[in-house]
Structures are given as C-alpha cells and as structure tokens.
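Working notes, structure below.
The values are calculated or read from the model by the stated rules, or taken from the named source; none is laboratory data. A quick note: this is a predicted structure, and the numbers were derived from the prediction, not measured. All Cβ positions, glycine included, derive from the backbone under ideal geometry; neighbour counts span all protein chains shown. When the accessible area is computed, the model is the full protein with side chains, heavy atoms only, and any ligands, DNA or RNA have been set aside. Shrake-Rupley method; radii C 1.70, N 1.55, O 1.52, S 1.80 Å.
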Amino acid sequence: MQSRLLQSPAFVHGGIRLDRWPAGAWLALQCAALAPTGLWMARRMADGSDDPLGALALAALAALVWQQRGSLRASPRLGWMALAMGGTVAATLAGSGAGPWLPALSPLLAGLVAVLALAAGLVAVVPPRVAAAPVAGLAVLALPLLSSLQFYAGYPLRVVTAEASRWLLAPGFTVAREGTTLLVDGQRVIVDAPCSGVQMVWLGYFTACTVALWAGRGSRSFCARLPVVGGLVLAGNIVRTSLLVALEGAGHAPAPWVHDGLGLVLLAAVCGGIAWAMARQARAPVAKGSCPAPWPSTIASGERHAAV
C-alpha cells in the first residue's frame, strides 16, 4: 500500500504542495480549530468578569510573529507541530467532552490546553533562536485568569503581605495581625484584595516574557531567572502595602491619588528590575591566573607603555 502511494504522482505532488504551505497557513488553520476557546476568552474579557490584560499578551505574540515574518519556517519542526496538533485535538475534546469516558473540563482548563497548543504551533514555525519558554508564558498570560488567581491565590498572598508588613512596621508601631487585618497602634487596617498584588504578578511575568524574547534569552536562562521575578514582585507589593499601612496607622489616610501614584511608582520599579534581570548578560568567566587586557585596541595597534 505504501509503495503504491509513493509511486502515485498525485500523492507525491500533493505531499510536496502540503510541505510548501506557508507558516501563516498552518497558524491560521490552528487558530480556526481553536476558535471556540478564542470566543470564550473574548466574551470573558468583554463582560467585565475579568481584567482584559490578556489582550496585551496576545498582542505581544502577534508582534513576535510579525517581527519574525521573514524568518518563519516553510517546513515546521515536526516535534513541535505534533505537540500543537495533539494539543489542539485535546483542547477540542476537553472543551466539549467525548462521552462519559471523557467529561468536559472547565473552560479555563480547556483554554489552558488550547493556548499551550497554540504556543507549540508558534514555536514550530519560528526560528530556533526564539525560545519556547517565554512564548508559552505569554500564551498562558493571554488567558482571562486574573479573577481566578484572585480567588485561589489572593488570600494567601494577602496573608504573606500582611505578615511581612507587620515585621517591617514593628520598629515604629505597635502592630498585631489577625488574618489579613493589621492592628496598628490600636487602629485596624485591612489588607484588601487589591493589596494581594495579583495584577503586579501578571505584569511582572509579562515583562519577564517580553524582555526575554527581545533579548534573545534561551529557555533555560529564562527559567533560571523566574525566581528573581517572583522575589521582586513580592518585595514590591510588600513595600507598597507597608507604606500605605504606615500612613493609615499614623492617622494620615492617603488620598486616592497618593494610593494610586505610589502603586504605579513601585510597579514601574518592579518591572524595571525584572527587565534588567532578564536582559542582563552573564559575565564571562576569566581563567585563573589570567588578566584580561582592558584596552585591546591599544595592544593590537602595537603601542606599549614604557617601563619606568
């Protein structure tokens, strides 16, 4: 059967035409297959149930494809393309279910499978110099997941922030913590949902993914820097909350513009630190006993300093 197919001119020419399909056609077909997930994401972003920050991640992925449009592979990498096809099928089955033996997953979990499949499809056609990890990170951030993160992770983050703020404020105030509430010199201050830092977490990891792609960071190097991203986000949120709680505890409730301005300043500082950590190049190791020449051009020109 296989030998007959290979001897058939129509089959061979059809395979050649399929192999020469442009990369954009493969991506368009995959996006069409994942259209139900895209419609669900658009509805959730538009109905006010979640912040529409995922549109920024989608725009970043579109900008990546546009930037690499002249280098897209005519023949996708087979391993990544197989993952993309398998993930697309799995996302379709997970969203609709396939009978009693495979019940439908929640839209968010089915969407997670879908965006990871889309990330695999992108990695299959972009040049190998584009790392897969930050592409997958942007794909996950494209999901409308801020409200879910606030529901599941918001309270633990608020507890951690409140406890760290208690330690920072202890030298200047009499502070006690009850859950996510701080008692500062007898005045009760609640560390509410906006103080959990969920939006700062999203923006911090978005900055990490975009800067890593811009700097040409590899997947291993990108993943090695992720703990720094988490530490900077947590530290920035703790400092912001501590300053606001200190003002409240001292009897100087900050005006709304002070609250928002302080949050923007610390958000800019955190994202700037993340961008620096992602873009910073590792210093090349120097062999033991060797001394690198600080002025190679001077030495190369044959100039020498006279010994005294």
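Is it the case that segment 250-257 has a residue that's at pLDDT below 85, surrounded by fewer than 15 Cβ atoms within 10 Å (Cβ to Cβ) and under 20 Å from Val198 (Cα atoms)?
The answer is yes, given that some residue of segment 250-257 is at pLDDT below 85, surrounded by fewer than 15 Cβ atoms within 10 Å (Cβ to Cβ) and under 20 Å from Val198 (Cα atoms).
Test Phe222 against the stated conditions and say whether it is within 24 Å of Leu53 (Cα to Cα) and open to solvent by 30 Å² or more (accessible area, probe 1.4 Å).
Answer is no for this residue.
Considering only segment 19-49, how many residues are open to solvent by 40 Å² or more (accessible area, probe 1.4 Å) and of a type outside the set (Gly, Ala, Ser)?
Here the count works out to 13.
Right, Phe206: crowded, with 22+ Cβ neighbours inside 10 Å and at pLDDT 85 or above or not? Write out each step before concluding.
Numbers: crowded, with 22+ Cβ neighbours inside 10 Å: no; at pLDDT 85 or above: yes.
Judged against the criteria, Phe206 is not a match.
What's the number of the only condition in (1) open to solvent by 30 Å² or more (accessible area, probe 1.4 Å); (2) closer than 24 Å to Ala63 by Cα; (3) at pLDDT 95 or above that Val211 fails to meet?
Only one criterion is unmet by Val211, namely (1).
Would you point out the residue of segment 141-169, among those that are of a type in the set (A, V, I, L, M) and without any contact (Cβ under 8 Å) to a residue 60 or more places away in the chain, that is farthest from Met200 (Cα to Cα)? Write out each step before concluding.
First, pick out the residues of segment 141-169 that are of a type in the set (A, V, I, L, M): 141-143, 145-146, 149, 153, 157, 159-160, 162, 164, 168-169.
Among the residues that remain, those that are also without any contact (Cβ under 8 Å) to a residue 60 or more places away in the chain are: 149, 153, 159.
Details: Leu149: 12, Ala153: 13, Val159: 16 Å.
Out of the qualifying residues, it is Val159.
For residues that are outside any helix (DSSP H, G or I) and not hydrophobic (A, V, I, L, M, F, W, C), scanning just segment 158-184, find the one that is surrounded by the most Cβ atoms within 10 Å (Cβ to Cβ).
Thr180
Name the residues in segment 50-68 that are surrounded by fewer than 12 Cβ atoms within 10 Å (Cβ to Cβ) and not aromatic (Phe, Trp, Tyr), would you?
Selection gives Ala62 alone.
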